[in-house]
Amino acid sequence: MRRQLALASLVVLALVGLTTPARAAAPLDNTRYSGQEPFTDCGFDGLDTYWGTTQVLDTNPSLSGQFFRFTNRYNFRDTLTNPANGRYVVISASGVFKELQPKTTDGRVFTYIAHDSGRFTIKDSAGHLLVQESGVLTFSYVFDTLGDGAPGGIGSDPILVRVSGPHPTFAPDFDFCGLVRSAIG
C-alpha cells in the first residue's frame, strides 16, 4: 500500500541519521524538497508527487552531543490511472514525522520513538472519498550514532508500536489493490 511505502521512505530519511535531543536546539539544517516519480502499483500506472520540509536540530550535552532531532513535514499526491478507460484514484497525505524521547545507556546507542501524525485519503476520479485516515502512528527505533558527534549513523528497521485514530488501511484484511480495481476498472 502506498501509505506504507511513503512511511518507509520517511523511515529511510530518519535512518540516515537525523535523530532527536531531549530539548530544543538550534537548527543545523532546514531543507525544502519536492519532486515527481512514476511508479506502478496493482498493475496500474502511477505518478507520485511529493513536497515538504525537513529540519535537523543540533544536539545537546544531555545527549552526550550525539543525538540530532529530525522532523519531516511532508505532503504527497499519488495518482493511479487505468490507461484503458482514463479513470484514476488519487492517494494523498499530509503530515509530520518527528523523532522523540531519545534514551541511551552508553552515550552512543539510542532508542527513540517517532510519531507520524497526519491525514491520508483515497478518492476516485469523480471525487468520491473511498478511504480516510487520520491520527498518529508510533514507531520505535534503535540508532547507533557511531559516537562521532555528527548527524548520521546506523539505524534499525522501525517497529510499529501503536496506531491511534482511524487507519483502515492497517487492518489485516484491507485489500488496497481490490479497492483500486473496483474504483478504476
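Return the total of residues in the stretch 163-178 being touching a Ser or Thr at 6+ places or on another chain (Cβ under 9 Å) and outside any loop (DSSP other than H, G, I, E, B). Lay out the reasoning, then the answer.
Initially, the stretch 163-178 is screened for residues touching a Ser or Thr at 6+ places or on another chain (Cβ under 9 Å), giving 163-167, 176.
If we keep only those that are outside any loop (DSSP other than H, G, I, E, B) as well, we get 163-164, 176.
Total meeting the criteria: 3.
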Within the stretch 69-89, residues being at pLDDT 90 or above and within 30 Å of residue 148 (Cα to Cα) number 5
**Item:** Any hit, the stretch 171-178, residues being within 15 Å of the chain's Cα centre (by Cα) and open to solvent by less than 30 Å² (accessible area, probe 1.4 Å)
**Value:** no
Checked the stretch 158-185 for anything touching a residue at least 24 places away in the same chain (Cβ under 8 Å) and under 23 Å from residue 103 (Cβ atoms); matches are 158, 161, 162, 163, 164
Just one listed residue, out of 98, 103, is at pLDDT below 95, in contact with a strand residue (DSSP E or B) (Cβ under 7 Å, 6 or more places away or on another chain) and charged (D, E, K, R), and it is 103
Among strands (runs of 3 or more DSSP E) completely within the stretch 47-162, the ones holding 3 or more residues that are open to solvent by less than 40 Å² (accessible area, probe 1.4 Å) and under 18 Å from residue 26 (Cα atoms) are 69-81
Q.
Can you confirm whether residue 129 is free of Cβ contacts under 8 Å to residues at least 12 places away in the same chain and hydrophobic (A, V, I, L, M, F, W, C)?
A. yes
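The values are calculated or read from the model by the stated rules, or taken from the named source; none is laboratory data. The structure presented is a predicted model; accordingly, all values stated were derived computationally and were not measured. Here Cβ is always computed from backbone atoms with ideal geometry, including for glycine, and neighbour counts include all displayed protein chains. Each accessible area value is taken on the protein alone, full model and side chains, heavy atoms only, with ligands, DNA and RNA left out. Shrake-Rupley method; radii C 1.70, N 1.55, O 1.52, S 1.80 Å.
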